[in-house]
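Quick notes on the structure that follows.
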Amino acid sequence: MPTGVHLRDARRQLFDAAERVLLRDGPNGLTSRAVTDEAACAKGVLHRHFSDFDAFLAELVLDRAARLEAQARALREAAGTATVTDNLTEALTALFGPVPVAIIPLVTFRDALRARLRQAMPHGGIAILTQVTAAVSAYLAEERALGRVSADADLDSLTLSLVGGGHLLFADRDADPPTTATVRKLVASVLADAVPPKPR
């Protein structure tokens with residue numbers, strides 16, 4: 001039976017198909033049938049590469065979470081340039097792009113998927129949010145070391161406020177994403193007491 005997918009590309013094509021379904025139809029529309037139909041392949045192709053659908057979803061989430069590392073690295077490398085507010089505004093907009101934001105409710109509402117991810121992520125946390133949190137925390141630590149964030153700033157609280165607030169801004173998939181000005185307002189508010197004013 002023709003599968004419609006070259007086997008050496010099957011994982012990538014299935015992941016890309018799942019991403020398109022997730023963005024178009026949301027977590028409830030992401031089924032094994034929807035994925036294989038979108039990828040134009042037989043359903044057996046998915047099960048040839050993954051033990052079950054939750055194993056497939058876990059690999060999808062981990063793959064997309066790993067992609068955030070490039071954005072996290074860019075944020076760390078931005079330390080000491082531009083302003084802290086501008087850097088975090090740009091980073092939150094990138095880190096909470098359409099795919100990461102769509103994955104978070106998928107993880108939240110699928111118990112079996114969370115169980116698989118707990119095995120793969122022994123330190124806990126929700127995939128995507130864990131990566132965003134680590135990126136923001138590392139960046140703030142770099143800026144504190146450079147003196148651009150107050151030495152006594154509570155980085156854990158700042159990180160939690162930025163990540164939680166950022167997620168809330170981007171989480172409504174039925175609305176347009178927040179404007180840059182809206183994200184900057186959140187960041188500036190959170191950092192108000194943590195970023196020393198520029199000397200005159």
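Between a residue in segment 89-118 that is free of Cβ contacts under 8 Å to residues at least 60 places away in the same chain and any residue that is basic (K, R), which pairs come within a Cβ distance under 8 Å, given they are 6 or more apart or on different chains?
Taking only residues 6 or more apart or on different chains, the pairs are P100/R64; V107/R114; T108/R114.
Here's the yes/no breakdown for (1) touching a helix residue (DSSP H, G or I) at 6+ places or on another chain (Cβ under 8 Å); (2) aliphatic (A, V, I, L, M):
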{"site": "T81", "(1), (2)": "yes, no"}
{"site": "Y139", "(1), (2)": "yes, no"}
{"site": "G147", "(1), (2)": "no, no"}
{"site": "A153", "(1), (2)": "yes, yes"}
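I'd like to check something: does segment 26-44 contain any residue that is open to solvent by less than 50 Å² (accessible area, probe 1.4 Å), at pLDDT 90 or above and of a type in the set (D, E, K, R)?
no
Looking at L168, is it closer than 26 Å to R24 by Cα, open to solvent by 60 Å² or more (accessible area, probe 1.4 Å) and part of a helix (DSSP H, G or I)?
yes
Quick one: how many residues across segment 16-33 are under 17 Å from L62 (Cα atoms) and outside any helix (DSSP H, G or I)?
Count: 1.
Does L162 satisfy the condition of being open to solvent by less than 40 Å² (accessible area, probe 1.4 Å), over 18 Å from the mean Cα position of the chain (by Cα) and within 23 Å of E77 (Cα to Cα)?
Criteria not met by L162.
Restricting to segment 1-15, name every residue that is surrounded by fewer than 16 Cβ atoms within 10 Å (Cβ to Cβ), in a helix (DSSP H, G or I) and at pLDDT below 90.
L7, R8, D9, listed by residue number.
Answer yes if at least one residue in segment 69-87 is touching a Gly at 6+ places or on another chain (Cβ under 9 Å), in a helix (DSSP H, G or I) and under 21 Å from E143 (Cα atoms), and no otherwise.
Yes, segment 69-87 contains at least one residue that is touching a Gly at 6+ places or on another chain (Cβ under 9 Å), in a helix (DSSP H, G or I) and under 21 Å from E143 (Cα atoms).
May I ask you to list the residues in segment 63-75 that are surrounded by 15 or more Cβ atoms within 10 Å (Cβ to Cβ) and touching a residue at least 40 places away in the same chain (Cβ under 8 Å)?
R64, A65, L68, Q71, A72, L75
The values are calculated or read from the model by the stated rules, or taken from the named source; none is laboratory data. Owing to the predicted nature of the structure, the values given are computational and were not obtained by experimental measurement. Heads up, the Cβs are rebuilt from the backbone with ideal geometry, glycines too, and the neighbour counts pull from every protein chain shown. Keep in mind that these areas ignore ligands, DNA and RNA; they rest on the heavy atoms of the full protein, side chains included. Shrake-Rupley method; radii C 1.70, N 1.55, O 1.52, S 1.80 Å.
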